[in-house]
1. Tell me the residue from Thr219, Thr231 that is closer than 17 Å to Pro180 by Cα and touching a residue at least 40 places away in the same chain (Cβ under 8 Å), please.
2. Only one of these is closer than 30 Å to Arg82 by Cβ and over 13 Å from the mean Cα position of the chain (by Cα): Pro115, Pro138, Pro162. Name it.
3. So in segment 219-229, with the set limited to residues that are on the phi < 0 side of the Ramachandran plot and within 23 Å of the chain's Cα centre (by Cα), which one is surrounded by the most Cβ atoms within 10 Å (Cβ to Cβ)?
4. Quick test for you: out of Leu129, Leu113, pick the one residue that is within 30 Å of Glu181 (Cβ to Cβ), touching a residue at least 40 places away in the same chain (Cβ under 8 Å) and either surrounded by fewer than 19 Cβ atoms within 10 Å (Cβ to Cβ) or of a type in the set (A, V, I, L, M) (or both).
5. Checking the condition in a loop (DSSP other than H, G, I, E, B), assigned by TED's automatic domain parsing to the domain that holds Thr145, of a type outside the set (Lys, Arg) and more than 27 Å from the chain's Cα centre (by Cα), which residue from Pro274, Pro232, Pro211 passes?
6. Can you name the residue in segment 156-205 that is hydroxyl-bearing (Ser, Thr, Tyr) and exposed (fewer than 12 other Cβ atoms within 10 Å of the Cβ) and, of all such residues, is nearest to Ile91 (Cα to Cα)?
7. Yes or no: Arg132 within 30 Å of Pro261 (Cβ to Cβ), of a type in the set (D, E, K, R) and in the same structural domain as Arg268 (by TED's automatic domain parsing)?
8. Looking at Ser200, Ser224, Ser236 in this structure, which one is farther than 23 Å from Leu117 by Cα, of a type in the set (Gly, Ala, Ser) and out of contact with any Pro (no Cβ under 9 Å at 6 or more places or on another chain)?
Amino acid sequence: MGCFTRPPLAVGAVLLSLMTLSFGCRDSFDTQQPRSLGNYEIHQVPEYPGGFPPAWAAEFHVAMQQAPPMSLGDDHAAALIRDHLLRLKWIDPQRLAVEPALPEGMRVYFQPLSPRLAVAHGDRPFALLAERNGAVLPDGIGEDTMHMFIRVSIDPGVELPPAGQISSDPLIQEAYRVWPEIAQIALDLELNVVAIQRKSTSLTNAKDMAPALSFYLDTGVEVSWGRARDTPDAFSTNALGEKLTMLQKATRLMAVLEEYPGLIGVGRVVLDMPIVRVFDPHEQPLPLQAQLR
């Protein structure tokens, strides 16, 4: 395997050192000799929630074994290796670099795409969406890992596209857009959000509009949020008819939490209507000291 010396590891960046040298250090060095990419050493496995998926590691190995031999003297060698690795749909193209590591061969730095949301049938997740662009991540991630992420319950009959592609389903797209707002609210107010799904009181799409969404806490409380900040929404207004902003909805939720700490005894909170409303788990209205408009 040559006389490769392990380089210093940049935190979160150096994940694999690729050696394409097929002869020992005492042999002559020839950059024009074709080399097999299947001859490599892994110096650091990428960190990943729940552990790096073994199926992805196996896929990487197969890709290296099937790659055509190439010469280090080829000016396009790094680009060819990069293009070959981008066939693996879990690699983040913005965090993939290939550079010479003479005389041993080439060195590869890569990161897998980070997950953002879990797509679920009901409460059971079956796929993850990438944080970068919402594309579907390849199979191989365990269900236990998927449960670490906020799940999006999709409508019956909806199918996901192949790995690496972005779903055109309106609910999935709107959940991806609204996730940063909900994640920020959950962080600021110390809420444990476990799911995003279509509002329980709005089970069908308005024509030509993204669905209004709710997020659910681990206690089962539904918080009716509406649509994302940048999504046109003629229905989410305050009592003056003005569009409700993320900040206004967050302020409303803070006020509800002051009256109902931890939302104990609450079943549903409506933030995206002209007047805030609170219901118990049996859908009976609960009082608020002040009308939040």
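1. Details: Thr219 fails: closer than 17 Å to Pro180 by Cα.
When all the criteria are applied, what remains is Thr231.
2. Numbers: Pro115 fails: over 13 Å from the mean Cα position of the chain (by Cα); Pro138 fails: over 13 Å from the mean Cα position of the chain (by Cα).
Exactly one of Pro115, Pro138, Pro162 is closer than 30 Å to Arg82 by Cβ and over 13 Å from the mean Cα position of the chain (by Cα), namely Pro162.
3. First, pick out the residues of segment 219-229 that are on the phi < 0 side of the Ramachandran plot: 219, 221-225, 227-229.
Restricting the remaining residues to those that are within 23 Å of the chain's Cα centre (by Cα) gives 222-225, 227-229.
Numbers: Glu222: 21, Val223: 24, Ser224: 23, Trp225: 26, Arg227: 23, Ala228: 21, Arg229: 16.
For segment 219-229, the residue satisfying everything is Trp225.
4. Numbers: Leu113 fails: touching a residue at least 40 places away in the same chain (Cβ under 8 Å).
That would be Leu129, the only listed residue that is within 30 Å of Glu181 (Cβ to Cβ), touching a residue at least 40 places away in the same chain (Cβ under 8 Å) and either surrounded by fewer than 19 Cβ atoms within 10 Å (Cβ to Cβ) or of a type in the set (A, V, I, L, M) (or both).
5. Details: Pro232 fails: more than 27 Å from the chain's Cα centre (by Cα); Pro211 fails: more than 27 Å from the chain's Cα centre (by Cα).
Matching residue, one of Pro274, Pro232, Pro211: Pro274.
6. Applying the first criterion (hydroxyl-bearing (Ser, Thr, Tyr)) to segment 156-205 yields 167-168, 176, 200-202, 204.
Applying the additional criterion that residues be exposed (fewer than 12 other Cβ atoms within 10 Å of the Cβ) yields 168, 204.
Numbers: Ser168: 22, Thr204: 36 Å.
For segment 156-205, the residue satisfying everything is Ser168.
7. Numbers: within 30 Å of Pro261 (Cβ to Cβ): no; of a type in the set (D, E, K, R): yes; in the same structural domain as Arg268 (by TED's automatic domain parsing): yes.
Answer is no for this residue.
8. Numbers: Ser200 fails: farther than 23 Å from Leu117 by Cα; Ser224 fails: farther than 23 Å from Leu117 by Cα.
The unique qualifying residue is Ser236.
The values are calculated or read from the model by the stated rules, or taken from the named source; none is laboratory data. Keep in mind it's a predicted model, so treat the numbers as computed, not measured. FYI the Cβ positions are ideal-geometry reconstructions off the backbone, even for glycines, and counts take in every protein chain you see.
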